[in-house]
Structures are given as structure tokens and as C-alpha cells.
Amino acid sequence: MLRRLAQLLPALAISTLVSAHGYVQQVTIDGTVYKGNNLNVETPAPSIIRLVSTNSPVKGAQNPYINCGQDAQFASLAGNANPGSQLEILWVGGTDGSSNWPHNTGPLMHYMTKCDGSCSTYNSTNSEWFKISELGLEADGNTWYQANLNSRAPANVTIPSTLAPGNYLLRSEIISLQLAMSSGGAEFYPACIQLQVGGSQTQGPTSSEECSFPGCYSDDDAGILTPDIYNPPIQYTFPGPPVASFVDAGSSSAAPSSAGSVSGSSAGTTSTFANGPSSTIIASATPSPTVTGQCMLSGRSVNEGVVKRDSRNKRTHKRRLVRSH
């Protein structure tokens, strides 16, 4: 009886975990708070966060909704940011924002793409995205940085300090790996945030550092298909492209946030976790695009918080340069 119970507990834990999912509820940019809408609202209010139709994950790396989330709708506002701006992104569970983020296994990554005109009407179908941060395991090699979200700590990410001005989408993505022991089991949670970046900087990614969604990943990529995810020590390979080379080299070590909580990042911008301020602005929506596109990428391996390039997985793909205004 006890042996049978022990066998059932992992399955029950996973069943409970996957019954609760989540979404991005608010974003803070340099202290200014932009609140998003809860799910299933009849009349969404203006915001910078593209509203998704459900808190359920996107399943399948070739699913069109991997771009910005399930049936994501255009937002009507853009958050004001500058090169070096600090963003706090609050992921929550449930549908009304009252629950904490439920998952704790898998990477947290951030991408950007430049909008062709206003982001409020920009169809991201053929967008090319570049990565600005990736977080995997903490220094102990067993705990994921994603687990910090369970205590309602927002994920912080820094806009690259030399990024050219313009209108951008920031794509915050969590990949939940608790079911990723078989192909197609990974759960993708993308969220898109509309930004207007000021300043007079001039840099952006090279074409080889960009990819499209879908197209950046395949279901059998290392880091998405993870049969040994619960067999430590974990040797994890980030999916997708490397962090763009122009992104703040030298900020790859763990750095404390303003609240002094746990933090960390891979090569690229600093990503941290901190307690965020209360919300003040609310979000809106209009129909969102579907997405297509393909690219092949090289992987990066992480073990005990150290990022290593995996030359065995190098692949080529077609890209385009981000334009500046």
C-alpha cells in the first residue's frame, strides 16, 4: 500500500501542477507601473501587455501561438523605455491574478523584435526576434530561477544599453518542463509587451542572431525535450539563439535587485527577481496576428548556473537586421 502510494505521489503532484497555469499581469518600467487585464474580461482596458485568451500553455514548438501567446490581442499602449531601463514582469497564476505562478521547472528567457511602425497594429507573423537574456539553473545546479516566481517575485530584465531607438515588442517566455520527458510535452508561456525605446544609441543584433516564432525551436531540441530533467546533476541546454552579442557584455554574473532578493543571468543583460510595486495602469486589446517562419539555431549548455556554448548543435538560418529610426 505504501509502495503504491509512493508511486502515485509524483503523478498526483504533476496533475495538480498542470491544472493551474498563468500569464503576465503587470509590467513596471523604471518605476512606472503598467497593469494588464485579467483573463475573460468583457471590456479590456488600455495597456502595454498583449492580452491572451487563456492561461493555458502553448503546446508544440510549431504552434502559431508560440509567438505571443494563446490568441494574443494587440495592445493599445506602448511603455516608455530607454536603453538600460529596468523592467519588472509579474507572472501570476489562475485567471484573476490572485494566485502565484505555479510552475518551478524550466528556463525563463526574453526576446525583442522591432515593430514596423506602431506596435499597437504590428503583425508579428514574420518578425525576427533576438534574445536579450536567459535564466536556467541557480548555482546549486538543481533549483531553477523560475521557482522565484512562485513567491510572486517579478522577473526583471534590462533593456540593452546600446539598443537603437524605436518601437519594440519584448517577448517574455517561460518554458515549463515538468512534462518534457517526451517529445511535445514542454509547455510554452510567451507574453508580448509593447515598448517605445528612446535615446540615441545605434546598435542591434546581427542577422545570424535572430529567428522567428514558430521556427526558433523544434519539439526535439535539447532544452525542450528533456528526458533527464529529474535526474540530477542537470546538464541543461538553452533552446533558441544565443544572447545577441551587442547585449551588455560584462553583466553575466548574478546581480542583486533593488529589493536585494535572489538574482542571476546568463551572458547578456542582467535578469533578476524582486518584489514589485503595486499596479496603476490597465491594459487593452484588439485582434492579434498568427505567425509563421523558420530558423535553425545553436544551443547553449548550462550546469550550476554556468552557460557554455554547445558547438555540436550549431546550425544556420536566415535572419534580418533590426533597423533603427
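Values quoted throughout were computed directly from the atomic coordinates according to the rules given, and no laboratory measurement underlies them. On a predicted model such as this, the values are computed, not experimentally measured, just so you know. Neighbour counts run over all protein chains shown; Cβ positions are idealised from the backbone, glycine included.
Cut-off is 10 Å between beta-carbons; in what order do Val27, Val52, Val92, Val41 appear when sorted fewest neighbours first? Walk me through the numbers on the way to the answer.
Details: Val27 30, Val52 26, Val92 23, Val41 14.
The fewest-first ordering by Cβ neighbours comes to Val41, Val92, Val52, Val27.
Residue exposure proxy: Met181, Met112, ordered by other Cβ atoms within 10 angstrom of their Cβ from fewest to most, comes out as Met181, Met112. For Asn80, the residues whose amide H sits under 5 Å from its own are Gln196, ignoring neighbours fewer than 5 places away on the same chain, with H placed 1.01 Å from N. With neighbour counts taken as other beta-carbon atoms within 10 Å, the residues Arg152, Arg50, Arg171 rank, fewest first, as Arg152, Arg171, Arg50.
Around the amide H of Trp144, modelled in the peptide plane, lie the amide H atoms of Glu138, all under 5 Å away and 5 or more residues distant in sequence or on another chain.
Across all C-alpha atoms in the range 69-185, the radius of gyration and Dmax reach 15.6, 44 Å.
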